[in-house]
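So the structure is just underneath, and the comments pick up after that.
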Amino acid sequence: MSALLEVRTLTVGYGHVGVLEDVSLDIAPGTIVALVGSNGAGKSTLLRAISGLLKPTRGSIAFDGRPIDGATPNLVVDAGILHVAEGRRLFRSQSVRHNLDLGLYGVDVDRDEEKARLDYVFELFPILVDKLDHQASTLSGGQQQMLAIGQALMRRPKLLMLDEPSLGLAPIVVDQVMDVIVKLKMAGTTILLVEQMVERALEIADHGYVLQSGRLIGQGKPAELQQSDAIRRAYVGG
């Protein structure tokens, strides 16, 4: 099976400070890929490069068979990649309804299709139905995370990139979010998951990559990674 996303020897930095060096990965369609590593390993930087928010200094990124390295963020979104950034970046002074509507900004869909997409979000996150007219800032952390994912889903992404979706959430809410990620995969959405809760991420992933100090030090099936020392090295060093 050919990869939906192909990253080859990617090198990325901020100014003269290098963050990623020679990173390569493949994501097959319809899979969950977990990207794990300690804080500062470069995980969010990789997502930002794929999203077009950072320009690589070297290497290539191809999505669905077409090069996207150097593409602007709006073109990356139009190609079918949605990035739910760490910190649940919503329009906090706007209502839940307005936030979901903004997920369709620039997309030409009729009312039936818009309703179908809203219904899909509400099926995954029924709590949002009762919060439609509430400001996003009044939601709990878990509800804000659900809204951020729901907003991205309004565009029916081919690839959904989630950066630390469990951050700051209660364990029961983490379970709900992880369950939704699995449901999205079963519905055909490809997922790139950046997550500090390594065990939880590998429980639901089909494949994993381990980053340490901007370099990949391991990859494979979750069971293989758990048996290797790559994860220990990523978090402890050595």
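The values are calculated or read from the model by the stated rules, or taken from the named source; none is laboratory data. A quick note: this is a predicted structure, and the numbers were derived from the prediction, not measured. Backbone-built Cβ (ideal geometry, glycine too); neighbour counts: all protein chains shown.
Observations
- Filter pass, residue 225 being aliphatic (A, V, I, L, M), outside the structural domain of residue 20 (by TED's automatic domain parsing) and either over 20 Å from the mean Cα position of the chain (by Cα) or over 26 Å from residue 89 (Cβ atoms) (or both): no
- From the list 169, 193, the one residue that fits, being closer than 27 Å to residue 40 by Cα, under 15 Å from the mean Cα position of the chain (by Cα) and not basic (Lys, Arg), is 193.
- Here residue 188 meets each of (1) assigned to a loop (DSSP other than H, G, I, E, B); (2) touching an Asp or Glu at 6+ places or on another chain (Cβ under 8 Å) with one exception, condition (2).
- Hits in segment 64-104 - residues which are β-branched (Val, Ile, Thr) and in contact with a strand residue (DSSP E or B) (Cβ under 7 Å, 6 or more places away or on another chain): 68, 81, 84
- Residues in segment 1-27 that are within 14 Å of residue 210 (Cα to Cα), in contact with a Ser or Thr (Cβ under 8 Å, 6 or more places away or on another chain) and surrounded by fewer than 20 Cβ atoms within 10 Å (Cβ to Cβ): 21, 22, 24.
- Strands (runs of 3 or more DSSP E) fully within segment 1-71 counting 2 or more residues that are closer than 18 Å to residue 201 by Cα and assigned by TED's automatic domain parsing to the domain that holds residue 166: 17-27, 32-36
- Residue count for segment 87-106, restricted to those that are surrounded by 15 or more Cβ atoms within 10 Å (Cβ to Cβ), charged (D, E, K, R) and within 18 Å of the chain's Cα centre (by Cα): 1
- Per this entry, residue 80 is counted among residues that are under 22 Å from residue 206 (Cβ atoms) and either in the same structural domain as residue 182 (by TED's automatic domain parsing) or modelled with pLDDT of 95 or more (or both).
- Helices (runs of 4 or more DSSP H) enclosed by segment 93-169 - at least 3 residues per element that are closer than 17 Å to residue 188 by Cβ: 111-124, 141-153
- Among the residues making up segment 86-129, those that are farther than 20 Å from residue 183 by Cα and of a type in the set (Val, Ile, Thr) are 96, 107, 109.
- Residues of segment 223-235 classified as in contact with a Leu (Cβ under 8 Å, 6 or more places away or on another chain), farther than 24 Å from residue 168 by Cβ and surrounded by 20 or more Cβ atoms within 10 Å (Cβ to Cβ), total: 1
- Any pair with Cβ under 7 angstrom, 6 or more apart, that starts in segment 2-29 at a residue that is at negative phi and ends at one that is hydroxyl-bearing (Ser, Thr, Tyr) and buried (at least 18 other Cβ atoms within 10 Å of the Cβ): 4/190; 12/45; 19/45; 20/45; 25/209; 27/190; 29/190
- Selection within segment 201-218 - surrounded by fewer than 19 Cβ atoms within 10 Å (Cβ to Cβ) and not in a loop (DSSP other than H, G, I, E, B): 203, 204, 215, 217
- Residue match in segment 219-238 (condition: within 27 Å of residue 80 (Cβ to Cβ), touching a residue at least 12 places away in the same chain (Cβ under 8 Å) and of a type in the set (A, V, I, L, M)): no
- Odd one out for residue 74 among (1) in contact with a Pro (Cβ under 9 Å, 6 or more places away or on another chain); (2) not in a loop (DSSP other than H, G, I, E, B): (1)
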